[in-house]
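**Q** Have a look at this one.
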Protein chains: 2
Amino acid sequence: MIITVNQKKLKSGLSAVERIVSRNVTLPILQNIVLKTENGRLKLSSTNLEIGINFWLGAKIDEEGEVAVPAKIFSDFISNVNDEKITISSKENVIGINSENYKTKIIGFSAKDFPIIPKSKESSFFNILSQEMLSIFTGVVDSASISEARPELSGVLVSFNSDKIEGAATDSFRLAEKNVLRKTGVAEQSVIIPRSTVLELVRIFSNYEGEISLAISENQIFFATEDLEVVSRLIDGSYPDYKKVIPDKFISKVLVSKSELENNVRLASIFSSNISDIKIKAEENNFKVTAKNTDKGEISSKMQAFLKNEPFEVSVNYRYLLDGLKVIPTDRVSIEFTGEGNPLVLKPEEGKDFIYIIMPLRN
Amino acid sequence: MIITVNQKKLKSGLSAVERIVSRNVTLPILQNIVLKTENGRLKLSSTNLEIGINFWLGAKIDEEGEVAVPAKIFSDFISNVNDEKITISSKENVIGINSENYKTKIIGFSAKDFPIIPKSKESSFFNILSQEMLSIFTGVVDSASISEARPELSGVLVSFNSDKIEGAATDSFRLAEKNVLRKTGVAEQSVIIPRSTVLELVRIFSNYEGEISLAISENQIFFATEDLEVVSRLIDGSYPDYKKVIPDKFISKVLVSKSELENNVRLASIFSSNISDIKIKAEENNFKVTAKNTDKGEISSKMQAFLKNEPFEVSVNYRYLLDGLKVIPTDRVSIEFTGEGNPLVLKPEEGKDFIYIIMPLRN
């Protein structure tokens, strides 16, 4: 292989593929990135066996070829080199990198030993705007379970309907659901995308503004743009019928400032006990957050509130409350009380496209 | 104790005293900050037994008193509370903190159990500008030894002369010396200040622009401003006569861009072996940095240089070279070769107030 590429473009490509490179010691080839000439471009590939990424960039190709190069060394070097034009060659798996002021050799491996990253055979399923996809993912991903005890809960459920896309996640203590209205024109189907994949997609596409083309095959999902393709395994299993947990009416409802509530919950958390409990209390014009810990002390804060119906008081895990507030996009948040021992419902002040539910703690 | 203070002032005081609070489990009282009314002000005190800090702030005092309050809880609360006026009271070691929107109780301890932080009995030794003191400390502190094997090397030597103040530090692999010319009017004396104290002083005084008053007693040193006093133990022992290691002439000398050299050394470090060795080579118009590692590969970079006398080549630990370049304040750095196996000398392009010496590695 002999190619010439632009340093900045190569660096941006590396930042896309490099982060999933694992320090896998049982399969050390996964610590590499594969460079391969393909249809007049250079393809960078990486995988951790759960997720695979291909990135293509323009290159002047003088000799076709492919080679696996240790990701950390290659990326450390390319990210910090100041020369604009970089010539990369490979011979017997030694990668030569030359530019105006640098001559470098990196000891690499045969690309033949690298796992094949599947390419989507299906035609594109449909296109979604990057922002729409990310709004679903960021809204719900923190509610997915970190534990693998129930594998289906460790992912984000994405349901495609003819007129909307729905994302949902729950770890059985709290639940988030986010909708995007959109004529998809496809038959109903649902997939469970691993939490780690969702986090990676949020990172990769956070600065991307165009459309992303989706395709789904048996147990894989593909996300593609012109110069990037991400493929991930899907989680097998049937997702619980979470819709029936979402209360359809409330007893009382209170409207408060989101940022003030976040601050007061954080302050109360200082005095919470080892089950992370704090108490919220909605009164006529006041919203109180309290916490008490026999070793540390206690706190009571108050803020302005607009209450509909009866006062109420609930104990909740402050972490779940903060996670929910974080993804509420409006200045004020609506909190609905649905009865003793029943879920607490958080919603943006306006808009019905997001709902966040917390199971209360026993008083 | 019943006092009222301004939240912002209290927060800034806490940031000064809080960081040295240790998680000492054998002496848990050290996890506290002592609040004490003193001459119409509130005094905050903390210590880790090596360094002690007192900070005074204005307060409306309704009842004198003192109490020890858990540093983390108190600081987490005060830093995030939004109310301006904070009333603090203590009764039987329970601290009540009340403001417009918050009522808080923190379980504290008796201030009587807290170690006494010594106050300087000596009259002020002399005053030094904060920037002058920090330029000495930041110039040399990274060269002090992290190991306690030779306690005197784990500190920074500060020598006071009638017309200058000299700081020096070495871990026997490299050495840094920084001078500040200043009529001190004092008799010659030297102290060894612990590395950790120096780092703490740099942090505490980094945003302070006025004069700092110094005092030295038997085995302690005091740094005071109007509202802050820092006391530290001094290291006992006699510092090696480092001056005789500093070469007084050179064989060759090369002038290069500091930032370019830093970048090329960092790039070479990717290919250094486990003894962190890289090679520098000064030629007529070129300065080359190379490194080679049989497992990873090799690199050679070149940059423009102005050489006086003969070409030379030296192997050095790249970490020591980077540490030295970091504290060179000029755009270009002068590197002096003083003979095979002899120290390499780094100096700012102009100015004779700083010198940095590295022992070469055997080729």
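The values are calculated or read from the model by the stated rules, or taken from the named source; none is laboratory data. Values in this document were obtained by computation on a predicted structure and should not be read as measured data. Counting neighbours? That spans all protein chains shown, and the Cβs are built from the backbone with ideal geometry, glycine included.
**Q** For region A:258-290, name all the residues that are buried (at least 16 other Cβ atoms within 10 Å of the Cβ), without any contact (Cβ under 8 Å) to a residue 24 or more places away in the chain and in contact with an Asp or Glu (Cβ under 9 Å, 6 or more places away or on another chain).
**A** Residues satisfying the conditions are A:LYS288, A:THR290.
**Q** Here's something else I'd like to know. Would a scan of region B:252-267 turn up a residue that is more than 18 Å from A:GLU100 (Cα to Cα), among the small types (Gly, Ala, Ser) and assigned by TED's automatic domain parsing to the domain that holds B:PRO311?
**A** Within region B:252-267, one or more residues are more than 18 Å from A:GLU100 (Cα to Cα), among the small types (Gly, Ala, Ser) and assigned by TED's automatic domain parsing to the domain that holds B:PRO311.
**Q** Is it true that some residue in region B:119-135 is within 14 Å of chain A (Cβ to nearest Cβ) and crowded, with 16+ Cβ neighbours inside 10 Å?
**A** no
**Q** Out of all the residues in region A:236-252, is one or more within 14 Å of another protein chain (Cβ to nearest Cβ), over 23 Å from the mean Cα position of the chain (by Cα) and not charged (D, E, K, R)?
**A** no
**Q** Please verify whether region B:39-52 includes one or more residues that are without any contact (Cβ under 8 Å) to a residue 24 or more places away in the chain and over 16 Å from B:LEU14 (Cβ atoms).
**A** The answer is yes; a qualifying residue exists.
**Q** Being assigned to a loop (DSSP other than H, G, I, E, B), in contact (Cβ under 8 Å) with a residue 24 or more places away in the chain and either at positive phi or among the acidic types (Asp, Glu) (or both) is the filter here, so list the residues in region A:322-363 that pass it.
**A** A:ASP331, A:GLY339, A:GLU349, A:ASP353
**Q** Out of the residues in region B:153-171 that are among the hydroxyl-bearing types (Ser, Thr, Tyr) and over 17 Å from B:LEU346 (Cβ atoms), which is surrounded by the most Cβ atoms within 10 Å (Cβ to Cβ)? Quick ask: steps written out before the conclusion?
**A** We begin by selecting, within region B:153-171, every residue among the hydroxyl-bearing types (Ser, Thr, Tyr); these are B:154, B:159, B:162, B:170.
So of that shortlist, the ones also over 17 Å from B:LEU346 (Cβ atoms) come out as B:154, B:159, B:162.
Details: B:SER154: 20, B:SER159: 16, B:SER162: 11.
Applying the filter and picking the extreme gives B:SER154.
**Q** Ok, one more. Quickly run through region A:273-287 and pick out the residues that are over 30 Å from A:ALA169 (Cβ atoms) and part of a strand (DSSP E or B). Lay out the reasoning, then the answer.
**A** First pass over region A:273-287, keeping only residues over 30 Å from A:ALA169 (Cβ atoms): A:283-286.
Passing the criteria: only A:ASN286.
**Q** In the set A:GLU229, A:GLU166, which member is among the acidic types (Asp, Glu) and under 30 Å from A:LEU361 (Cβ atoms)?
**A** Every option except A:GLU166 fails the conditions.
**Q** Follow-up question, since we're still on this one. Only residues that are within 9 Å of another protein chain (Cβ to nearest Cβ) and in a loop (DSSP other than H, G, I, E, B): list them for region B:104-113, please.
**A** Hit for region B:104-113 is B:GLY108, nothing else.
**Q** Next up: For A:LEU35, all conditions in the list (1) under 20 Å from A:PHE109 (Cα atoms); (2) in contact (Cβ under 8 Å) with a residue 40 or more places away in the chain; (3) in contact with a helix residue (DSSP H, G or I) (Cβ under 7 Å, 6 or more places away or on another chain) hold save one; what is the number of the exception?
**A** Among (1) under 20 Å from A:PHE109 (Cα atoms); (2) in contact (Cβ under 8 Å) with a residue 40 or more places away in the chain; (3) in contact with a helix residue (DSSP H, G or I) (Cβ under 7 Å, 6 or more places away or on another chain), A:LEU35 violates only (3).
**Q** Quickly run through region B:309-321 and pick out the residues that are surrounded by 15 or more Cβ atoms within 10 Å (Cβ to Cβ) and not in a strand (DSSP E or B).
**A** Listed by number, the residues that qualify are B:TYR318, B:ARG319, B:TYR320, B:LEU321.
**Q** Somewhere in region B:56-64, is a residue within 24 Å of A:LYS302 (Cα to Cα) and modelled with pLDDT of 95 or more?
**A** No, because not a single residue in region B:56-64 is within 24 Å of A:LYS302 (Cα to Cα) and modelled with pLDDT of 95 or more.
**Q** Here's a follow-up. In region B:288-322, how many residues are within 15 Å of B:SER272 (Cβ to Cβ) and away from chain A (no Cβ under 14 Å)?
**A** Residues meeting the conditions: 7.
**Q** If you take the residues in region B:41-51 that are under 15 Å from B:VAL5 (Cα atoms) and crowded, with 18+ Cβ neighbours inside 10 Å, which one is farthest from the chain's Cα centre (by Cα)? Outline the logic, then answer.
**A** Let us first name the residues in region B:41-51 that are under 15 Å from B:VAL5 (Cα atoms), namely B:41-44.
Checking the rest, the ones that are also crowded, with 18+ Cβ neighbours inside 10 Å come to B:42-44.
Values: B:LEU42: 27, B:LYS43: 24, B:LEU44: 22 Å.
Per the stated criteria, the residue is B:LEU42.
**Q** B:SER190 is checked against (1) crowded, with 16+ Cβ neighbours inside 10 Å; (2) under 13 Å from B:VAL156 (Cα atoms); (3) of a type outside the set (Lys, Arg) and fails just one. What number does that condition carry?
**A** Looking at each condition in turn, B:SER190 falls short on (1).
**Q** Which pairs do you get when a residue that is free of Cβ contacts under 8 Å to residues at least 24 places away in the same chain, found in region B:169-188, comes within reach of a residue that is surrounded by 14 or more Cβ atoms within 10 Å (Cβ to Cβ), reach meaning Cβ atoms under 9 angstrom, with the pair 6+ apart or on two chains?
**A** B:LYS183/B:LYS164
**Q** Something else now. Given A:LEU261, A:LEU267, which one is within 14 Å of chain B (Cβ to nearest Cβ), modelled with pLDDT of 95 or more, within 28 Å of the chain's Cα centre (by Cα) and over 28 Å from A:SER135 (Cβ atoms)?
**A** Details: A:LEU261 fails: over 28 Å from A:SER135 (Cβ atoms).
A:LEU267 is the lone residue from the list that is within 14 Å of chain B (Cβ to nearest Cβ), modelled with pLDDT of 95 or more, within 28 Å of the chain's Cα centre (by Cα) and over 28 Å from A:SER135 (Cβ atoms).
Every residue, every condition in (1) surrounded by fewer than 17 Cβ atoms within 10 Å (Cβ to Cβ); (2) more than 28 Å from B:ILE221 (Cβ to Cβ), yes or no:
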{"position": "B:VAL5", "(1), (2)": "no, yes"}
{"position": "B:SER12", "(1), (2)": "yes, no"}
{"position": "B:LEU30", "(1), (2)": "no, no"}
{"position": "B:ASN39", "(1), (2)": "yes, no"}
{"position": "B:GLY58", "(1), (2)": "yes, no"}
{"position": "B:VAL67", "(1), (2)": "no, yes"}
{"position": "B:GLU92", "(1), (2)": "yes, yes"}
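**Q** Going through A:ASN32, A:ASN54 one at a time, which residue ends up being under 27 Å from A:PRO194 (Cβ atoms), over 21 Å from the mean Cα position of the chain (by Cα) and either assigned by TED's automatic domain parsing to the domain that holds A:LYS91 or among the polar types (S, T, N, Q) (or both)?
**A** Selected residue: A:ASN32, the only one of A:ASN32, A:ASN54 that is under 27 Å from A:PRO194 (Cβ atoms), over 21 Å from the mean Cα position of the chain (by Cα) and either assigned by TED's automatic domain parsing to the domain that holds A:LYS91 or among the polar types (S, T, N, Q) (or both).
**Q** For A:SER213, which of the numbered conditions (1) touching a residue at least 60 places away in the same chain (Cβ under 8 Å); (2) closer than 25 Å to A:LEU361 by Cβ; (3) surrounded by fewer than 21 Cβ atoms within 10 Å (Cβ to Cβ) fails to hold?
**A** It fails just one condition, (2).
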